[in-house]
Structure formats: structure tokens, C-alpha cells
Amino acid sequence: MKYKLTALFLTLAVFAAGCGSETETAVESTGRYNPNSQDDEEEVFISQDPDNRPNIAICLPEENSYTKKLATELTNKLWVAGGNIILRYAENDSDIQAEQAKELFEQDIAGFVYCPVDGADLNIDSLNEKDIPVINIDVLDPYTECTDFYIAYDNVKIGEDIADYIVSTKELSVSKDVTIEFLFGENTSVTEDIYEGLMNGLSEYFDSGALVCRSGRTDLESCTTTAKTAVEVLNDLGRYLSGYYLNNDLQVCVTGSDYIASGCNAYFLSNGYTIDIFPVVTGVNGEASAVRDFEQGFLSMTSFKDASNEAEICAKAMSALVNRKSVGNIAETKTLNGDNKIPSVILNGKIVTEANYSEELVNGSYYTDKEIYG
């Protein structure tokens, strides 16, 4: 092995990234800036004057592996487009994020990009007195009517993709008594959507007896953890599995993020699971920790959420909005948010396994060696 077991005892982050909101295929205007009034094809920029870069604020829920990568990609793409970036993390605290939003809107900003803390009402409508362009990413904010563009991953589809992988890998159509357990992060809209997709694909196999969860933890509430460290996740998993797998015969472990998957992998190694009997372990996000676990043969698959794709779309949309131009040629759908229909791009995760992780996460320079190995 390239790394010692201690390398797997990583700081856990509980992730908030994504939304399963209802979408439609036709694009309609929010009513602000008339974003679909024309099909502008020429390339536009936030600014083409390097000495006069408008401030673009980025407000993210917390600083973890996934959001740090997202912040890096957003910063790079928005800078290339001509913006000057102001970045804030909110420690996953809705009160802190509300204060940050208030402070940012009081500054001289030309655009606001944010992913709200799950369930947070940031009072954007009242704060945005100057009609500054607003782009909502990952977690849909149901409390605002002034969102001009929305970008997210389809987390229900991600759950369905993971279920399909498990069905295929474990040949559930012809199998019986395949043991499975679940461990997600906090119960957020992201977790709910992934869980919904998983159960869309796995419920029939529980009904047929192909899948068995010995702990009985198949409802969402019992599958979540508030663990913030690797040690906490190890303790949680040990408590959940205690007495159920004395012969080390757990076959599938489904997790809500790659860092949680790393903690689970460390648990399996410390409890006598060898590579030849290692469970199928699945993750979400395509984080740097996934590369390490793929290299060692511990991670089976992850659903890769490419932050560079989100950032590229965000930069194009913000450039158009700052210049009061249409986003009709950027949006691919509309997202229903109350009575509003927000021009949107909803992305699909990509299944990454040991067979293609190097191509997707390493050779394409998505992660640097420093991001992977520290």
C-alpha cells in the first residue's frame, strides 16, 4: 500500500451540495433583466479592463473538501471573466451566513453567487435593493424571488446511478441476501434527494430479499450522522454495525460523501476486512480523498460532481447578467421555485470507478498532487 492506515483518518466534512427541485424543459424569464429577450451569441465578460474589476461575491455554507474545490474553480473562472472575487464561508451556520450576506450586499458588489446553508433564509430579496445579479448554486433557496440563474447537480439522478451500479456489480437480479448498510451526512435536502434516488433503484431488491440490511437502518433518519471527524464517523459506524457482521460479511456500504467513505474504509481495515473481502463502498462528489482510496483499492465508485463545470456556467451567466444580456442561450431548463421559473442548468454526476478515476480526477489536472496528498 502507498499509504498507511493513519492516512485514512481524515477530517470529515458534511456536505451541502445539490438540489432535487422540480425542473421543466422550457426556459422562461424571472422578470428581472428580461434574461431571455434575445439570443446573444457573442462572448461577453464581466469586465475587460484589468484595472477596473467589479466585485463578485461568493458565499458558501462551509469550508470543506468539496466547497474548497468549488470556490477555487469559481474564483478562477470569474476572475478570467473580469471579476474581482470576495469569498466567504459560513461555518454551516445560517445566522453567520445571513450576516455575511448583509455585509456583502452593503459593499460595492456587481454580482452575488451563493449556496445557502440548508434551510437558511438569507433575506436576499430585502438586501438586494440595487437589483444586483444573483446566481444560486447547488442548494435551491426557496425564500427568494430575485434569483436570476440556478446551477446544480441532479442528486436524485445521482442516487439512481449509485443504485444502478450496486444492482449491476452485485448482480441483484439473480442474488439473495446481499448485505448492505448506509451512512450519510446530516439530513439536508441533498441527502434527501440522494436517498430518494437510491430507494427508487433499490426498493424492489429489498422486497425480493436480494438485499438485506441487518441493522435495519434503511429509513433516512436512522442513516444519517452529524459526525464532523473521522474518529466520530468510525465510532458511529462501529455502533451501528456492532453485533451484525461478526464474520466480516458486510458486502455493500453506501455513503453520502467521499470523506465519509474514507472513514468507513478505515473502520473496515481496522476491523479485519482484507481487500479480498472488502465491501463495495460508494461515495459522492469525486473529492481528493477518492483518489487516495481508489489507488489503494478501498473505494468502488463515486458520483463525480465536476465543480469546474458549475464554475464555467456561472462565469458565463454572471458575465451576461452584469451586462444586462440574455442568459437564454446558457440556460437549458427552468427550475420551479414557488411561482418563479428560474433559468437553470441542472447537471448530471458522472460515475467514476477504479477503471476511470485517473482519467477523470488526475490526468485531466482536476486535482493537483498537493490537493490529493497534502
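Restricting attention to region 332-350, which residues are under 21 Å from Asp306 (Cβ atoms) and out of contact with any Ser or Thr (no Cβ under 6 Å at 6 or more places or on another chain)? Spell out how you get there, then give the answer.
In the first step, residues of region 332-350 are kept if they are under 21 Å from Asp306 (Cβ atoms); the result is 332-333, 335, 343-350.
Correct list: Glu332, Pro343, Val345, Leu347, Asn348, Lys350.
So which residues in region 147-156 are open to solvent by 10 Å² or more (accessible area, probe 1.4 Å) and either of a type in the set (A, V, I, L, M, F, W, C) or at pLDDT below 95 (or both)? Spell out the reasoning first.
Filtering region 147-156 for residues open to solvent by 10 Å² or more (accessible area, probe 1.4 Å) gives 154, 156.
Result: Val156, single match.
Is there a residue being among the hydroxyl-bearing types (Ser, Thr, Tyr), at pLDDT 95 or above, open to solvent by less than 10 Å² (accessible area, probe 1.4 Å) and farther than 30 Å from Ala57 by Cβ anywhere in region 314-330?
No, there is no match, as no residue in region 314-330 is among the hydroxyl-bearing types (Ser, Thr, Tyr), at pLDDT 95 or above, open to solvent by less than 10 Å² (accessible area, probe 1.4 Å) and farther than 30 Å from Ala57 by Cβ.
Determine which member of the set Leu87, Leu140, Leu104 is more than 20 Å from the chain's Cα centre (by Cα), closer than 24 Å to Leu321 by Cβ and at pLDDT 95 or above.
On the way: Leu87 fails: more than 20 Å from the chain's Cα centre (by Cα); Leu140 fails: more than 20 Å from the chain's Cα centre (by Cα).
Sole residue among the options that is more than 20 Å from the chain's Cα centre (by Cα), closer than 24 Å to Leu321 by Cβ and at pLDDT 95 or above: Leu104.
Which pairs do you get when a residue that is over 21 Å from Tyr240 (Cα atoms), found in region 177-196, comes within reach of a residue that is modelled with pLDDT of 95 or more and open to solvent by less than 30 Å² (accessible area, probe 1.4 Å), reach meaning Cβ atoms under 7 angstrom, with the pair 6+ apart or on two chains?
Note: pairs meeting the criteria are Ser189/Val139; Val190/Val139; Val190/Asn155; Asp193/Asn155; Asp193/Val156; Asp193/Gly159; Glu196/Val156; Glu196/Gly159.
Which of (1) closer than 17 Å to Gly159 by Cα; (2) open to solvent by 30 Å² or more (accessible area, probe 1.4 Å); (3) among the basic types (Lys, Arg) does Lys341 not meet, given it meets every other one?
(1)
Does at least one position in region 55-70 carry a residue that is of a type outside the set (D, E, K, R) and over 23 Å from the mean Cα position of the chain (by Cα)? Let's see the steps before the verdict.
Filtering region 55-70 down to residues of a type outside the set (D, E, K, R) leaves 55-61, 64-67, 70.
This time we only want the ones that are over 23 Å from the mean Cα position of the chain (by Cα), so: 55.
Yes; the residues of region 55-70 include at least one that is of a type outside the set (D, E, K, R) and over 23 Å from the mean Cα position of the chain (by Cα).
Within region 133-144, work out how many residues are closer than 19 Å to Ile109 by Cβ and open to solvent by 10 Å² or more (accessible area, probe 1.4 Å).
Restricting attention to region 133-144, the residues satisfying the condition of being closer than 19 Å to Ile109 by Cβ are 133-137, 141, 144.
Restricting the remaining residues to those that are open to solvent by 10 Å² or more (accessible area, probe 1.4 Å) gives none.
The total comes to 0.
Taking the conditions exactly as written (modelled with pLDDT under 95 and touching a helix residue (DSSP H, G or I) at 6+ places or on another chain (Cβ under 7 Å)), does Leu241 satisfy them or not? Explain how you work it out, then say what you get.
Numbers: modelled with pLDDT under 95: yes; touching a helix residue (DSSP H, G or I) at 6+ places or on another chain (Cβ under 7 Å): no.
So Leu241 does not fit the description; no.
Being of a type in the set (Gly, Ala, Ser) and on the phi < 0 side of the Ramachandran plot is the filter here; which residues of region 219-257 pass it?
Selection gives Ser222, Ala227, Ala230, Gly238, Ser242, Gly256, Ser257.
Just one of the numbered conditions (1) among the hydroxyl-bearing types (Ser, Thr, Tyr); (2) open to solvent by less than 30 Å² (accessible area, probe 1.4 Å); (3) in contact with a Ser or Thr (Cβ under 9 Å, 6 or more places away or on another chain) is not true of Tyr357; which one?
Among (1) among the hydroxyl-bearing types (Ser, Thr, Tyr); (2) open to solvent by less than 30 Å² (accessible area, probe 1.4 Å); (3) in contact with a Ser or Thr (Cβ under 9 Å, 6 or more places away or on another chain), Tyr357 violates only (2).
The values are calculated or read from the model by the stated rules, or taken from the named source; none is laboratory data. Computed from a prediction, not measured in an experiment: that's the story for all the values here. Reconstructed Cβ throughout: ideal geometry from the backbone, glycine too, with neighbour counts over all protein chains shown. Only protein heavy atoms, including side chains, enter the accessible area calculation; ligands, DNA and RNA are left aside. Shrake-Rupley method; radii C 1.70, N 1.55, O 1.52, S 1.80 Å.
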